[in-house]
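See structure below.
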Amino acid sequence: MNLKASPIGKQVEILGIGGKHRILGEWVLAPNIKLGGFELENIPTISEKIVEKADGQKISIAEAEGINEIILGNTVFQNLVLTIDYQKQEIILRDKDYDITKNPSVKGYLVDMVWNDGDLIVIGQLVNHPVRFQFDTGNTMRLAVNIKFAQKYFANYPRTQSKTELASGTIFNENMPSINGSINGFNFDTGRLAIVPLDSDVDALIGEPFLKNFRTTIDYGRSKILLEPYSY
């Protein structure tokens with residue numbers, strides 16, 4: 001990758017794995033990303049700079065384990081067709097003219113999506129309640145539910161509380177037991193749910209723990225996600 005990024009003035013804070021540290025970074029404009037035979041220009045992405053540990057110590061990204069310097073998200077791939085093969089640990093990039101909807105054998109695995117300001121939104125259910133799921137392919141954590149959604153539909157469910165102490169303040173975490181979910185006819189157990197405040201109007205975040213069951217293709221231009229089950 002050839003990346004000489006220019007800052008575009010917006011700082012970001014990301015809660016690290018398990019809530020045990022904060023990652024400090026900034027939005028940058030990457031003028032040149034070469035990836036899989038494609039050359040992408042002027043792509044906004046996040047450059048992660050500093051890790052703040054629980055004791056307040058700040059270290060560089062290079063000194064931290066399991067943290068990437070650059071996050072390549074949906075805005076990078078929005079003009080392509082992206083396939084993530086979790087079993088083979090491969091990413092396949094195709095030109096946007098590649099039409100995943102023309103293969104009749106995969107019709108039942110196509111899911112409608114909304115491409116909303118950098119977020120992938122898919123409609124599903126949690127315990128028969130309609131849910132706007134945000135698909136986050138980079139999220140390796142358990143499923144999270146928006147606190148507003150949890151208060152509306154799951155107020156009587158048992159809760160557990162935990163907290164993480166950081167030098168910058170205390171992060172309180174609330175959890176609830178596993179419930180049943182469904183997306184496009186694929187049923188799943190959520191596992192222990194995190195209840196989190198979300199800035200957007202999505203109801204829940206869902207990521208790799210669900211998506212790893214599928215060869216996942218995202219066709220941004222046609223607003224479709226293809227979920228091909230490995231052995232679901």
Inset, instruction - Could you pull out the pairs from Lys58/Lys212; Lys34/Lys88; Lys34/Lys107; Lys152/Lys212; Lys88/Lys224; Lys102/Lys212 whose alpha carbons sit more than 26 Å apart here? - result: Lys58/Lys212; Lys34/Lys107; Lys152/Lys212
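In square nanometres and to one decimal, what's the mean projected area of the convex hull around the Cα atoms of the stretch 79-139?
Orientation-averaged projected area of the Cα hull: 5.8 nm².
Could you give the length gained by full extension between Gln151 and Gln78, i.e. 0.36 nm per residue of separation minus their alpha carbon distance, to one decimal place? Show your work: numbers first, answer last.
Details: separation 73, 0.36 × 73 = 26.28 nm, distance 3.37 nm.
Once the chain is fully extended between Gln151 and Gln78, it gains 22.9 nm.
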Legend entry - Packing-based ranking, highest mean first, of 218-230, 146-158 given that Cβ atoms within 10 Å are counted: 218-230, 146-158
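Sort 79-89, 202-212 by packing, meaning the average of other beta carbons within 10 Å per residue, with the highest value first. Don't skip to the answer; put the middle values down first.
Details: 79-89: 15.5, 202-212: 19.7.
Top to bottom by mean Cβ count within 10 Å: 202-212, 79-89.
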Inset, instruction - Find how much the distance from Val127 to Lys34 grows on full extension, using 0.36 nm per residue of separation minus their present alpha carbon separation; answer in nm with one decimal. - result: 29.2 nm
Legend entry - 3J(HN,Hα) from dihedral phi, the stretch 124-131, Karplus parametrisation 6.51/-1.76/1.60, rounded to Hz, x for glycine, proline: x, 9, 10, 6, 6, 9, x, 10
Legend entry - Inter-probe distance in nm under a simple model that places probes 7 Å from Cα toward Cβ, at Lys88 and Ser200: 2.8
Legend entry - Estimated distance in nm for a label pair at Lys107 and Phe186, the labels positioned 7 Å out from Cα along Cα-to-Cβ: 2.0
Inset, instruction - Note the full-extension length gain between Asn116 and Glu208 as 0.36 nm times their separation in residues minus their Cα-Cα distance, in nm to one decimal. - result: 31.1 nm
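Bear in mind these aren't lab numbers, they're just calculated from the coordinates by the rules spelled out. The structure presented is a predicted model; accordingly, all values stated were derived computationally and were not measured. As a convention, Cβ positions derive from the backbone with ideal geometry for all residues, glycine included, and neighbour counts pool all protein chains shown.
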